[in-house]
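Okay, so here's the structure we're looking at.
Values in this text are rule-based calculations from the coordinates and carry no lab data. Model, not experiment: these values are computed from the prediction. We place every Cβ from the backbone using ideal geometry, glycine too, and count neighbours over all the protein chains shown.
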Amino acid sequence: MSKKVAVILSGCGVYDGSEIHESSAVLVHLSRAGVQYAIFAPDIDQMHVVDHVKGQPTEEKRNVLTESARIARGKISDLKDLKVSEYDALIIPGGFGVAKNLSTWAVQGKDCSVLKLIEETIKSFHAGHKPIGLCCISPVLAAKLIPRCEVTVGCDTECEKWPYAGTAGAIKELGCKHVNKQVNEVHVDTKNKLVTNCAFMSNSPLDQIYDGVGEMVKALLKLL
């Protein structure tokens, strides 16, 4: 019987939802591996809506589930209907939606809260010893919810290539281990069955981001 992977999205668009290229890469690599997947998102309002041309918030209101459906081509379910027992693994792509809609990391950093449904889902997969794949900013969810876990968000020294390196410091402050990795590498926390990749935390070409996400998916599937 084919393995099944649940994918959770956080909207549509890097500045206020799921990063579209990362999300598409996850789905393509799962499809290429012949793995069944189902897409979920919480039925909640976004923290705010960002004009992706100007990079500025607007007065518009949008729904996370409705926006995520754009990436899912309409084949998506409310996160509250995700039954962990029916899936073998979980993947959450990055994008600011993770830090704005699935948690409050964008405004509170390590002191953030995590959406209850997300917390329950991650903890349930973890308790069931089922692999969890996280890329870009989404590894902070594991750092917040899984004590002393190991993750990567890339490099811990800020420079042009690593503009968000401060995130690694916040992960360490939570008592978790951050492991420096390049964009084409993953870190596997075998104890917690966590597979993480930096994706767009690195200022790298799109093809390298795509391949790095692919390495995350491969490593995740090896744990099944």
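Quick notes
- Here's how it looks for residue 10: its modeled amide H is under 5 Å from those of 18, which are all 5 or more places away or on a different chain.
- Separation of region 181-224 from region 29-58 is 19 Å, based on Cα centroids.
- GNM result for the chain, Cα springs below 10 Å: residue of 158, 19, 185 fluctuating most strongly: 158
- Computed Rg/Rh of region 105-224, alpha carbon atoms with Kirkwood Rh: 0.95
- Listed values for region 97-114 are Karplus-derived 3J(HN,Hα) couplings in whole Hz (6.51 cos²θ - 1.76 cosθ + 1.60, θ = phi - 60°), namely x, 5, 8, 10, 9, 8, 7, 10, 4, 4, 10, 10, x, 4, 8, 5, 10, 10, and x replaces Gly and Pro.
- Filter on 100/161; 75/193; 4/218; 177/222 - keep pairs with C-alpha separation over 20 Å: 100/161; 75/193; 177/222
- Debye intensity ratio I(q)/I(0), log10, region 162-206, q values 0.34 Å⁻¹ (C-alpha model): -1.27
- Kirkwood Rh in Å, taken over the chain so that all alpha-carbon pairs contribute: 16.9
- Taking the chain as a Gaussian network of alpha-carbon nodes connected by springs under 10 Å, the highest mean-square fluctuation of the residues 27, 102, 206 belongs to 206.
- The chain: most fluctuating residue of 144, 177, 191 per GNM, C-alpha cutoff 10 Å: 191
- The simple spin-label model puts a point 7 Å past each Cα toward its Cβ; for residue 36 and residue 124 those points are separated by 1.7 nm.
- The chain - share of DSSP beta bridges that are antiparallel (%, nearest 5): 30
- Loop trypsin sites (Lys or Arg not before Pro), region 22-121, which have at most 10 other Cβ atoms in a 10 Å radius of their Cβ (DSSP): 54, 61, 73, 75, 83
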